[in-house]
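A.B. asks: The following block contains the structure, expressed as structure tokens.
What follows draws every value from the coordinates through simple rules; no lab data is involved. Quick caveat, the model's predicted, so the values are computed rather than measured. Cβ sites come from the backbone with ideal geometry, for glycine too, and all protein chains shown count toward neighbours.
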Amino acid sequence: MTKSRNQNSHAGFTLIEMLISMSIFMMFIGLAASAYTSLVSSNRKANNTQKLYSEVRFVFDSLANEIRSGPLDYSCVDPEFKTLCILRDNGRTRSIFTFNSEDKKIYLQHQTALGELYAWSPGEIQPLTSDAFPLEDFSFSIFPLQNPYQSGNESFDNIQFQPSVTVSLRAGNYNFRTVYSSRNYGNKTLYAS
């Protein structure tokens, strides 16, 4: 009977063995938790970057659609105040892109000509960017600086001149830039008198 008691008393783990195994287990748990939080953080950054790219793509697509389908309204374009205007429907409507430096958003406004020279309806204003990704800067440059649609420039129709707009956006650590060209060739109705 003494023999069986001795065997039963040695059947478990010693305190040192338990401490060592618990320490190893805690190290593995710590490594797994660290890897999980790192994975979650990387996934969140990737999702935010994807959303930012999607929003910038929406702005660029809106600009491309307007710029490629109508001539620039040189009387309204102002790079200093970050305002870009495009005429539509042979000058009966225009689209105005504006960057508001206070709320860091780009807005699109559609206006309709009221019949008088340089008189436009106020039109509806809609934001193209959201609060989730405030833009730090929106800028553009136009080539040529002089209005090729002015009266007297009809003789250059055989050159098929294309005004181009270079657009730059900055959001966080990301800079975006693209160039668009107007696709209105030889349309005599575009020339201002």
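A.B. asks: Based on the alpha-carbon set only, what is the convex hull volume of the stretch 12-116 divided per residue, in Å³?
C.D. replies: 157 Å³
A.B. asks: Output the peptides 64-76, 20-32 sorted from most to least packed, where packing is the average of other Cβ atoms within 10 Å over each peptide's residues. Show your work: numbers first, answer last.
C.D. replies: On the way: 64-76: 18.6, 20-32: 10.1.
By packing density, highest mean first, the sequence is 64-76, 20-32.
A.B. asks: May I ask for the net charge around Ile86, where only other residues with Cβ less than 10 Å from the Cβ of Ile86 are counted and Lys, Arg are +1 while Asp, Glu are -1?
C.D. replies: In short, +1.
A.B. asks: Modelling each spin label as a point 7 Å along the Cα-to-Cβ direction, I'd like the Gln146/Arg177 distance in nm, to one decimal.
C.D. replies: 2.7 nm
A.B. asks: Which value in Å is the Kirkwood Rh of the stretch 33-91 over different Cα pairs?
C.D. replies: Averaging 1/r across every pair of different Cα atoms and inverting gives 14.5 Å.
A.B. asks: Evaluate the distance, in nm, between pseudo-label points positioned 7 Å from the Cα of Ser75 and of Phe13 along their respective Cα→Cβ axes.
C.D. replies: 8.6 nm
A.B. asks: OK, next. For Lys45, give me every one of the aspartates and glutamates with a C-alpha distance below 16 angstrom, ignoring sequence neighbours fewer than eight places off in its own chain.
C.D. replies: Within the straight-line cut-off, Lys45 pairs with Glu55.
A.B. asks: Measure off 7 Å from each Cα along the Cα-to-Cβ vector at Lys45 and Met27, then give the distance between these two points in nanometres to one decimal.
C.D. replies: If labels sit at Lys45 and Met27, their model points lie 2.8 nm apart.
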